[in-house]
Amino acid sequence: ASFAFSQAVVPAGVAAAAQPDLLIRFSPADAASTDAPRRRPLNLSLVIDRSGSMAGAPLRYALRAAKDLIERLGENDTVSVVTYDDNVQTVLAPQTVRNESDRAAVRGKLDAVRVGGTTNLAGGWLKG
């Protein structure tokens with residue numbers, strides 16, 4: 001972590017409105033470092049609403065977020081994808097995403113998701 005003040009010198013008795021800001025930056029440990037702590041493998045199920053109310057930008061953004069998450073998975077992480085509208089569908093059964101080929105396959109499954117009918121939220125939760 002690093003930090004910086006908005007002012008180099010803060011005079012004594014500074015009024016509350018004139019107090020300096022403190023910016024703290026956090027960054028991940030160097031991945032190549034052998035002493036960097038390793039996290040446990042994840043087992044995620046992405047449950048995506050594809051009902052009619054998600055038509056257009058909402059579904060597009062949900063799928064974009066899902067793809068972004070896929071890119072961030074580690075080689076020991078497991079992911080599955082469930083979509084729901086009035087029907088619940090397992091788009092991707094649980095699988096480990098170990099390499100770019102696996103990521104591309106998951107992205108392909110996400111690209112095939114289309115908007116559907118009404119919302120069966122409970123069914124999506126239960127299946128996911």
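The values are calculated or read from the model by the stated rules, or taken from the named source; none is laboratory data. It should be emphasised that the depicted structure is a prediction, and the values quoted were computed from it without experimental measurement. Cβ atoms come from the backbone with ideal geometry, glycine included; neighbour counts cover every protein chain shown. Quick note on the areas: whole protein, heavy atoms, side chains included, nothing else; ligands and nucleic acids left out. Shrake-Rupley method; radii C 1.70, N 1.55, O 1.52, S 1.80 Å.
Within segment 50-63, residues that are closer than 15 Å to residue 87 by Cα and touching a residue at least 12 places away in the same chain (Cβ under 8 Å) sit with their Cβ atoms under 7 Å from residues that are open to solvent by 50 Å² or more (accessible area, probe 1.4 Å) and among the hydroxyl-bearing types (Ser, Thr, Tyr), at 6+ positions apart or across chains, in these pairs: 51/118; 51/119; 52/118; 53/119. Being surrounded by 12 or more Cβ atoms within 10 Å (Cβ to Cβ), over 23 Å from residue 107 (Cα atoms) and at pLDDT below 90 is the requirement here; does residue 21 meet it? Criteria not met by residue 21. The residue of segment 58-96 that is surrounded by the fewest Cβ atoms within 10 Å (Cβ to Cβ), among those that are in contact with a Lys or Arg (Cβ under 6 Å, 6 or more places away or on another chain) and within 21 Å of residue 38 (Cα to Cα), is 75. Taking segment 97-121 as the range and being modelled with pLDDT under 90 and open to solvent by less than 60 Å² (accessible area, probe 1.4 Å) as the test, the residues that pass are 116, 117, 120.
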